[in-house]
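Here's the structure, in structure tokens; my notes come after.
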Amino acid sequence: MSKNTPQAIRGTQDIFGADAEAFAFVVETFERVRKLYRFRRVEMPVFEKTEVFSRAIGETTDVVSKEMYTFEDRGGDSLTLRPEFTAGIARAYLTNGWQQHAPLKVATHGPLFRYERPQKGRYRQFHQIDAEIIGAAEPQADVELLAMADQVIRELGIEGVTLHLNTLGDADSREQWRAALVEYFRAVQGELSEDSQERLEKNPLRILDSKDRRDRQFVADAPRIDDFLTEEARAFFESVTSGLDAAGVKWTRAESLVRGLDYYRHTAFEFIPDEGSEAAGKLGSQSTILGGGRYDGLMESLGGAPTPAVGWAAGIERLAMLVGEKDEPRADVIVVVEDDRQLAYAIGFAGLLRMSGYSAELSATGSPRKRYDKAVKAGAETILAVDSDADGSLSSRIRGSEEWQGRLRKMIDQFGGHT
């Protein structure tokens, strides 16, 4: 490779081979499961007006203040490459009149962009699968989303993962809890980490999930949300947990699991590999593989009416790491051209196979005498070799099961030719 050849941008990746097959397997599984749950597919713009994210996510968050790819276009507008899906979907819900479809169940997947330190399973251009229910205030919506997430993980073949679940209460519960946390942590403010000292004024709930040792010693005795839940909030959470039990979704209570933004309400959750599991070994310290929650206050931040909503997202790269390498599927038939005079026939017959729903590969390069052996060495189970008789007429032979031999002979008779 020449020194003048441009290199890939740090934090991006070129996906190929077994890794690409694992990536595709995650997407295909997600697409299949979302159809079972009747979630509509949506496609969202890769960039939005910057205010969509600054208003929805919050000016003080790391995502908005440090991680967004923001630029000014030729018209002078500030635009941002999407760092997440939810804000853009919320904007589309309001601007396109999707309220008429409420409760609206939508799902999507694609690339997202955040300027952060690249690490295992995390890139500056990364990809997520995403599912949202907008306009449903009932706890059943939370249950359905979590059951869907659980099924996606199970059908990917990922084991040793548990749903960690918490409640953030309703607006009244959360406000009382927040005030109690501020009072509690303010008494030890000087002993907290620098990040938590800053969060104390802006986002005190985030102190609860700090991994810094200086914070952990105080988190254990911090006020708990259960002490501030209203009767309505308590009943909501009980409906979610009983619904999960009925759906057969295993869960564990995680009282320190929070969502720091003010518009989050009630259910917050993460699917996390169990300690000592194969999944935990593959992901290291970056343990959450899927997370989300109820965000009943988000629409108001974008100028809409109060609208209940709940959703989740998961990184495709991280799920693909847990799936492991996937071999590229073998072709149903390899059509080997042993005499180049029969190339046109072989091209036509390969097309017939594909139009009939069978995958086909054409072997017509390199030495004609070696093409058949290469197909055998490639592990092909079914080979159709086309050649010419002494008089130049088409001849062919088939290597494969009796079922495939019969199928191909019938197709050859229909297409023209003989074995």
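Being under 18 Å from L408 (Cβ atoms) and either free of Cβ contacts under 8 Å to residues at least 40 places away in the same chain or over 35 Å from the mean Cα position of the chain (by Cα) (or both) is the filter here, so list the residues in region 304-338 that pass it.
V335, V336, V337, E338
So if I check each of T267, T307, which one is in contact with an Asp or Glu (Cβ under 7 Å, 6 or more places away or on another chain), among the hydroxyl-bearing types (S, T, Y), under 26 Å from R55 (Cα atoms) and outside the structural domain of S363 (by TED's automatic domain parsing)?
T267
Can you go through D262, D274 and tell me which one is assigned by TED's automatic domain parsing to the domain that holds I153 and at pLDDT below 90?
Answer to the check: D262.
Hey, among the residues in region 110-166 that are among the basic types (K, R) and not in a strand (DSSP E or B), which one's surrounded by the fewest Cβ atoms within 10 Å (Cβ to Cβ)?
Among them, the one singled out is R117.
Can you tell me which residue is nearest to D327 (Cα to Cα) among those in region 352-405 that are among the acidic types (D, E) and modelled with pLDDT of 90 or more?
Looking at residues that are among the acidic types (D, E) and modelled with pLDDT of 90 or more, I get E361.
Considering (1) closer than 22 Å to E84 by Cα; (2) under 13 Å from the mean Cα position of the chain (by Cα), say which one L156 fails and leave the rest.
Evaluating L156 over (1) closer than 22 Å to E84 by Cα; (2) under 13 Å from the mean Cα position of the chain (by Cα) leaves (1) as the failure.
Step by step: first the residues of region 42-96, then only those that are under 20 Å from the mean Cα position of the chain (by Cα) and among the acidic types (D, E), then the one that is nearest to Y263 (Cα to Cα). Which residue is that?
Checking each candidate, the answer is E84.
Could you grab me the full set of residues in region 167-179 that are assigned to a helix (DSSP H, G or I) and either touching a helix residue (DSSP H, G or I) at 6+ places or on another chain (Cβ under 7 Å) or among the basic types (K, R) (or both)?
Within region 167-179, S173, R174, Q176, W177, R178 qualify.
I'd like to check which strands (runs of 3 or more DSSP E) are fully inside region 1-107 and have at least 2 residues that are touching a residue at least 12 places away in the same chain (Cβ under 8 Å), hydrophobic (A, V, I, L, M, F, W, C) and within 27 Å of R117 (Cβ to Cβ).
Hits in region 1-107: 78-81.
Would you say A380 is touching a residue at least 12 places away in the same chain (Cβ under 8 Å), buried (at least 16 other Cβ atoms within 10 Å of the Cβ) and part of a loop (DSSP other than H, G, I, E, B)?
yes
For residues that are farther than 18 Å from A331 by Cβ and surrounded by fewer than 16 Cβ atoms within 10 Å (Cβ to Cβ), tally how many sit in region 389-408.
Final tally of qualifying residues: 7.
What are the residues in region 222-280 that are of a type outside the set (S, T, Y), in contact with a helix residue (DSSP H, G or I) (Cβ under 6 Å, 6 or more places away or on another chain) and closer than 13 Å to R294 by Cα, if any?
Listed by number, the residues that qualify are A233, F236, V240, V258, G260, H266.
Does region 121-134 hold any residues that are under 14 Å from A320 (Cα atoms) and touching a helix residue (DSSP H, G or I) at 6+ places or on another chain (Cβ under 7 Å), and which are they?
G121, Y123, F126, H127, Q128, I129
If we scan region 12-28, do we find a residue that is modelled with pLDDT of 95 or more and among the β-branched types (V, I, T)?
yes
Residue by residue, here is whether (1) in contact with an Asp or Glu (Cβ under 9 Å, 6 or more places away or on another chain); (2) within 17 Å of S401 (Cα to Cα); (3) not hydroxyl-bearing (S, T, Y) holds:
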{"residue": "A314", "(1), (2), (3)": "yes, no, yes"}
{"residue": "D327", "(1), (2), (3)": "yes, no, yes"}
{"residue": "R330", "(1), (2), (3)": "yes, yes, yes"}
{"residue": "V333", "(1), (2), (3)": "yes, yes, yes"}
{"residue": "G348", "(1), (2), (3)": "no, no, yes"}
{"residue": "R369", "(1), (2), (3)": "yes, no, yes"}
{"residue": "A375", "(1), (2), (3)": "yes, yes, yes"}
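Against the conditions (1) small (G, A, S); (2) at pLDDT 90 or above; (3) outside the structural domain of Y264 (by TED's automatic domain parsing); (4) touching a helix residue (DSSP H, G or I) at 6+ places or on another chain (Cβ under 7 Å), where does A187 fall short? Just the number, please.
With respect to (1) small (G, A, S); (2) at pLDDT 90 or above; (3) outside the structural domain of Y264 (by TED's automatic domain parsing); (4) touching a helix residue (DSSP H, G or I) at 6+ places or on another chain (Cβ under 7 Å), A187 is out only on (4).
Out of the strands (runs of 3 or more DSSP E) lying entirely within region 235-352, which hold 2 or more residues that are under 15 Å from V143 (Cα atoms)?
Strands (runs of 3 or more DSSP E) meeting the threshold: 251-253, 265-273, 290-294, 309-315.
The values are calculated or read from the model by the stated rules, or taken from the named source; none is laboratory data. These numbers come from a predicted model, not from an experiment. Glycine also receives a Cβ, built like all others from the backbone with ideal geometry; neighbour counts cover every protein chain displayed.
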